[in-house]
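Below is one structure, written out as structure tokens; the observations come after it.
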Amino acid sequence: MDNTKAAKLTAGELAHCWEQLMNNSMSNVVLEYLTLTSELEEVKSLCSEAGSISKSAVQFFESVLRSENYPIPKGFNIEDDLNPNAPKMYTDVFILFYLNNMSKIGMSLTSMALSDSVREDIRNFFHEQLKNVSSLFERTTTILLEKGVFVRPPSITSTHETNPIADSGFLGNFFKDNRELTAREANELHKNVFMNYIGKNLLIGFIQSTSNQQLMSLLQHGKELSLNIIDKLGDILVQNDLPISMTWDTNVLDNKTSPFSDKLISNLLDQLNRNGIASYGYSAAVSIRKDLKTTYAKIIADVYQYEENLKTFLIKNEWMEKPPVALNRDKLAHD
């Protein structure tokens with residue numbers, strides 16, 4: 001009988017366990033701060049519940065790596081990376097949007113991890129984790145709808161034809177005179193606009209509270225990049241007579257005391273960057289119009305350049321931990 005718990009981790013399982021340990025240890029610190037500073041009981045309860053999900057994930061992944069005799073990354077912790085006395089920086093409505101957005105990312109990453117897993121204990125964990133983040137998404141969406149602040153994607157008035165596409169003009173042109181957006185293309189544009197809107201507001205709080213000038217410069221650059229993406233993708237929606245739905249009740253408060261360590265802020269910025277690249281890549285893949293593919297490709301190129309600057313900063317400060325890598329057999333043979 002195959003004892004899957006004793007089976008050696010596959011490359012995919014090791015990668016997901018390591019990455020999710022890092023991500024969840026960071027989320028645990030962020031959620032602790034949001035729990036401490038949220039005012040509405042329902043929001044505080046959601047933050048606390050999300051924190052419990054992150055804590056259980058960290059414990060599980062540490063036990064898996066330990067059983068493999070693999071070193072446990074330091075990651076992030078409340079003692080080193082949180083200022084518990086920092087005043088409230090974000091409104092409760094923004095916290096709801098943040099939780100809602102992170103639960104979407106969590107569902108995507110967890111489903112990918114589940115599909116890459118073989119060992120039964122790891123599959124079972126990711127399956128349970130997927131249910132937990134799905135529940136968080138459902139609850140945050142419901143509360144945002146109840147409060148009347150949920151940002152709905154645009155609705156389109158579509159023809160009811162199911163004919164084959166007979167004209168290559170449907171692919172559009174690289175620059176102008178393009179056909180109307182498909183429902184999928186419109187949704188992807190809105191999704192990426194709103195993702196950057198959340199990211200921009202998050203960065204505003206970090207910019208006003210950090211005293212590290214190099215980090216502030218990176219944060220400013222990230223904010224400008226988000227604004228540029230919002231403008232580029234939002235203009236396409238407007239040109240197609242589709243609204244850019246937005247809420248204005250997500251203001252950043254005037255707190256100038258940083259709640260997190262510079263290390264955590266830098267790594268959170270890197271995580272958001274990577275999530276963005278994945279989103280733009282997917283959007284380019286499912287979009288048919290040539291100009292949309294070109295636009296997403298340009299955005300990805302800009303974000304890649306920003307990512308290089310950010311990772312250089314992380315490495316310089318020794319804030320980037322080395323992920324699992326394969327043995328260099330040639331080097332090992334000559335040592």
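The values are calculated or read from the model by the stated rules, or taken from the named source; none is laboratory data. Treat the numbers as computed from the prediction; the structure is a model and nothing was measured. Cβ: placed from backbone, ideal geometry, glycine included. Neighbour counts: every protein chain shown. The accessibility values were calculated without ligands, DNA or RNA, using every heavy atom of the protein model including side chains. Shrake-Rupley method; radii C 1.70, N 1.55, O 1.52, S 1.80 Å.
Things to note:
- Residue in the range 25-33 that is open to solvent by 10 Å² or more (accessible area, probe 1.4 Å) and modelled with pLDDT under 95 present: no
- Subset of the range 67-94 [assigned to a helix (DSSP H, G or I), open to solvent by less than 50 Å² (accessible area, probe 1.4 Å) and touching a Lys or Arg at 6+ places or on another chain (Cβ under 9 Å)]: Asp81, Asp92, Val93
- Considering only residues in the range 192-233 that are more than 20 Å from the chain's Cα centre (by Cα) and small (Gly, Ala, Ser), the one that is least open to solvent (accessible area, probe 1.4 Å) turns out to be Ser209.
- Just one of (1) in a helix (DSSP H, G or I); (2) within 24 Å of Lys316 (Cα to Cα); (3) open to solvent by 20 Å² or more (accessible area, probe 1.4 Å) fails for Ser258. It is (1).
- For the range 106-153, the tally of residues that are within 22 Å of the chain's Cα centre (by Cα), surrounded by 15 or more Cβ atoms within 10 Å (Cβ to Cβ) and assigned to a loop (DSSP other than H, G, I, E, B) stands at 6.
- Near pairs, Cβ below 7 angstrom, 6+ apart or cross-chain, from the range 26-47 (under 17 Å from Ser261 (Cα atoms) and in contact (Cβ under 8 Å) with a residue 12 or more places away in the chain) to any residue that is assigned to a helix (DSSP H, G or I) and of a type in the set (Lys, Arg): Asn28/Lys55
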